[in-house]
Amino acid sequence: QEYLDFRKERSRMLLSRRNQLLLEFSFWNEPQPRQGPNIYELRTYKLKPGTMIEWGNNWARAIKYRQENQEAVGGFFSQIGELYVVHHLWGKECHPWGTPSLGGSGCQPHPLPTAYRDLQSREETRNAAWRKRGWDENVYYTVPLIRTMESRIMIPLKISPLQ
């Protein structure tokens, strides 16, 4: 029932819709169900035509810098729909008693990896990647391949396995 109510409410706000068929990059971890609550960042890159193989080769080497702390959730590329589109899903696990927010009081500290409890913790996690030798080289080689990029902060619905 909750989903049906959501669809009804969404239909009042939805102006257009696009669909894509995505494939997962073979070098990226497969998304696994996570206990929450968590928040996620979805980064979408629209690449220049003809650059997908070069992008994939660079990321196959670079993903290790972001997988060490379980931050890399999933990496996908378009197969049908708008082509040369890449999606990276980032997020970290949050302790069950914490509640993520975009404003400040979020997940409680604990020995496991913490979630993006707010935009500040997201920035700190991303800055930690820049301190790892080799990460800047990956960015140097992949930025020229990008036409546009977008970042979204996402909070999963209760029905999502990626809580």
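The values are calculated or read from the model by the stated rules, or taken from the named source; none is laboratory data. Computed from a predicted model, the values in this text were never measured in an experiment. Cβ coordinates were reconstructed from backbone atoms using ideal geometry, including for glycine residues, and neighbour counts include every protein chain displayed. Heavy atoms of the whole protein, side chains included, go into the accessibility calculation; ligands, DNA and RNA do not. Shrake-Rupley method; radii C 1.70, N 1.55, O 1.52, S 1.80 Å.
Tabulated values for the structure
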| quantity | calculated |
| --- | --- |
| Unmet criterion (only one of (1) at pLDDT below 90; (2) touching a strand residue (DSSP E or B) at 6+ places or on another chain (Cβ under 8 Å)) for Ala62 | (2) |
| Selection within segment 65-82 - farther than 9 Å from Asn29 by Cβ and in contact with a Phe, Trp or Tyr (Cβ under 9 Å, 6 or more places away or on another chain) | Tyr65, Arg66, Glu71, Phe76, Phe77, Ser78 |
| Restricting segment 43-60 to residues that are out of contact with any helix residue (DSSP H, G or I) (no Cβ under 7 Å at 6 or more places or on another chain) and among the charged types (D, E, K, R), the residue that is most open to solvent (accessible area, probe 1.4 Å) | Lys46 |
| Single residue of Tyr140, Tyr40 found to be more than 17 Å from the chain's Cα centre (by Cα) and either surrounded by 14 or more Cβ atoms within 10 Å (Cβ to Cβ) or at pLDDT 80 or above (or both) | Tyr140 |
| Residue within segment 3-19 that is part of a loop (DSSP other than H, G, I, E, B) and in contact (Cβ under 8 Å) with a residue 24 or more places away in the chain present | yes |
